[in-house]
Amino acid sequence: MHRLTTRLLCAAALSAAAHGAGAAVLQTLGAGTAVGVTTHAAHFELNTLLANDWGEDGLLFHYSGWGANNGCGYAGVDCYDAVSDLSPAFAGNYLATSGQNAWIGVRRADGGDMLRIEFAAGSGYASLNGYWVTYDDGHVTGSGNFSAPRGAVLGLRDAHGFDEVRYFAFSVPNRQAGYSAPALDEVRVGVPEPASPVLCAIALLGMGAVRRRGRAGR
C-alpha cells in the first residue's frame with residue numbers, strides 16, 4: 001500500500017511539473033510506454049453481444065459503425081485465422097466496428113479526465129493504419145497517425161488531460177477520413193511508473209521552479 005501511494009504521489013508530481021511546462025498529447029507505441037500504474041482496465045470478455053455503450057471498470061466505450069461487426073469479435077467468434085491476426089496484443093474477446101469514418105471512443109464513466117491511456121490497436125484490414133483524436137469538453141486537443149504490419153499497443157499521454165479518445169483504422173497510411181475498421185482490446189488507463197526516487201525529486205524540484213516563476217511574474 002505504501003509503495004502504491006508513493007508511486008501515485010510521484011506520478012502526480014511528474015504530471016504537475018509537466019503541466020506547468022505546457023505539455024501536449026504525446027503518442028507512444030509499445031506496452032508500458034504510457035501507463036505504469038493502472039487505475040482502470042477493460043478486456044471485453046463479458047461483452048458477448050457487442051453492447052453499445054459498454055461499461056467496464058469505470059470506463060465507457062461507444063462505437064459509431066456497424067454494431068454486428070459481421071459476427072466477428074465476440075463470444076469466441078473470429079473471422080480471422082486467429083485473433084492475433086488483428087493484433088498480437090489481443091486476447092479473447094475484443095471490441096470492433098466498421099463503416100464510413102467509424103470510430104471507437106473511450107471515456108471515463110464518471111466524466112473525469114484521463115492523463116494516460118494504452119490499448120491494443122487492431123484493424124479489419126491486413127495492415128494497421130491507425131488514426132486517433134483526443135477531446136476535452138468537446139474540443140480537439142490532439143490527433144495523430146501510426147502504422148504497423150499487424151497491430152500495435154498505442155499509448156497517449158497529456159498532463160493537461162483529455163476526456164475522450166476516438167480511434168479509427170483506415171486502409172492506407174496517414175488517412176483522417178474514409179471507410180474505417182477499428183478494433184481494440186486490453187485497455188489500460190492510469191498514471192506513469194516513477195523510474196526512481198531521483199525522478200520524483202526532479203519532478204518536485206520542477207514544481208518548485210514553476211511556482212517560483214509564477215510568484216516572480218506577479
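In this label model, LEU46 and ASN101 are separated by 3.4 nm, measuring between points 7 Å along each Cα→Cβ vector.
Charged neighbours of ALA41, selected by a Cβ distance under 13 Å, balance to -3 (K, R count +1; D, E count -1).
Set the Förster distance to 22 Å, then compute FRET efficiency between VAL172 and LEU29 from the Cβ-Cβ distance, nearest 0.05. Efficiency, rounded to the nearest 0.05: 0.70.
Sorting ASP185, ASP53 by the number of Cβ atoms found within 10 Å of their own Cβ, with the fewest placed first, yields ASP53, ASP185.
None of the figures in this text is laboratory data; all of them are computed from the coordinates on show. The model shown is predicted, which means the values in this text are computed figures rather than measured ones. FYI the Cβ positions are ideal-geometry reconstructions off the backbone, even for glycines, and counts take in every protein chain you see.
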